[in-house]
Amino acid sequence: MEFLLALASIMMVNIVLSGDNAVVIAMASRCLPPKQQKMAILWGSAGAIGLRVVLTLVAVVLLQIPYVQFIGGLLLVWIAAKLLMEDTDEENIEAGTSFLAAVKTIIIADLVMSLDNTLAIAAVAKGDYLLLGLGLGLSIPLIIFGSQVIIKIMDKFPIVVYAGAALIAWTAGEMMMADHKIGPVIHAALPGWLIPAAITAGVLAVGFWWKKNHKDTAEACSKVSHPAR
């Protein structure tokens, strides 16, 4: 049961954090003929996936080093908060005018945008390569073939994004507590569950506050731009 829960966590983290990657794939190939579009998506995604797997394996090894795990946990807190505070800007994605240009755009953009996925998935796997391989293997086809569905689900049900952010935040707290050098010091002073719980609550609170503030600002700007006649 613990293995299945961890596997589901990896898949959820990968899917939630890959919403913007799905947009990259669609936007980078939008100027190609339909047949070339499919091929560009296939080869671009294959190259991006290969690089993502290598980066994730490297991250798993690096997270075994003392202090790196704690720093990685802090970075993961930022990733969880950013997930709730960002808006995808599709206009910044350059469309490739040739097959090779589209493939190159997909690979480079997906690689840059996958750094958060890499760290989060490596953290959830906790060094279990079987779990890591299954999680990536099952979630990647969902992202490629169901990218538009995933984006629509997250837009319609924001709770999915909040649940993903909470999972990443909790994982960040556990990663910080598991650091071989700093973890024992924290354990000696505080209960093991307190840090992950506090980080998760803090990230969700910041997310709720930002969404409310962002919504109020958007409504105020709309009133200024379109005053009542």
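The values are calculated or read from the model by the stated rules, or taken from the named source; none is laboratory data. Note that this is a predicted model, so its numbers are computed, not measured. Cβ sites come from the backbone with ideal geometry, for glycine too, and all protein chains shown count toward neighbours.
In this structure, residue 28 does not qualify as modelled with pLDDT of 80 or more and small (Gly, Ala, Ser).
Only residues that are crowded, with 20+ Cβ neighbours inside 10 Å, touching a residue at least 24 places away in the same chain (Cβ under 8 Å) and over 11 Å from residue 76 (Cβ atoms): list them for the range 184-207, please. 200, 207 - these are the residues of the range 184-207 that are crowded, with 20+ Cβ neighbours inside 10 Å, touching a residue at least 24 places away in the same chain (Cβ under 8 Å) and over 11 Å from residue 76 (Cβ atoms).
For the range 191-209, filtering for residues that are in a helix (DSSP H, G or I) and touching a Gly at 6+ places or on another chain (Cβ under 9 Å) leaves 7. Looking at the range 37-77, which of the residues that are in contact with a Ser or Thr (Cβ under 9 Å, 6 or more places away or on another chain) and among the small types (Gly, Ala, Ser) is modelled with the highest pLDDT? Across the range 37-77, the extreme among qualifying residues is 73.
Quick check: anything in the range 134-148 more than 21 Å from residue 4 (Cα to Cα), surrounded by fewer than 19 Cβ atoms within 10 Å (Cβ to Cβ) and modelled with pLDDT of 75 or more? Looking through the range 134-148, none of the residues is more than 21 Å from residue 4 (Cα to Cα), surrounded by fewer than 19 Cβ atoms within 10 Å (Cβ to Cβ) and modelled with pLDDT of 75 or more. Candidates 156, 211, 181: the one that is in contact with a Leu (Cβ under 9 Å, 6 or more places away or on another chain), surrounded by fewer than 18 Cβ atoms within 10 Å (Cβ to Cβ), modelled with pLDDT of 75 or more and over 18 Å from residue 9 (Cα atoms) is 211. On the stretch given as the range 78-106, residues that are β-branched (Val, Ile, Thr), modelled with pLDDT of 75 or more and over 22 Å from residue 208 (Cβ atoms) total 1.
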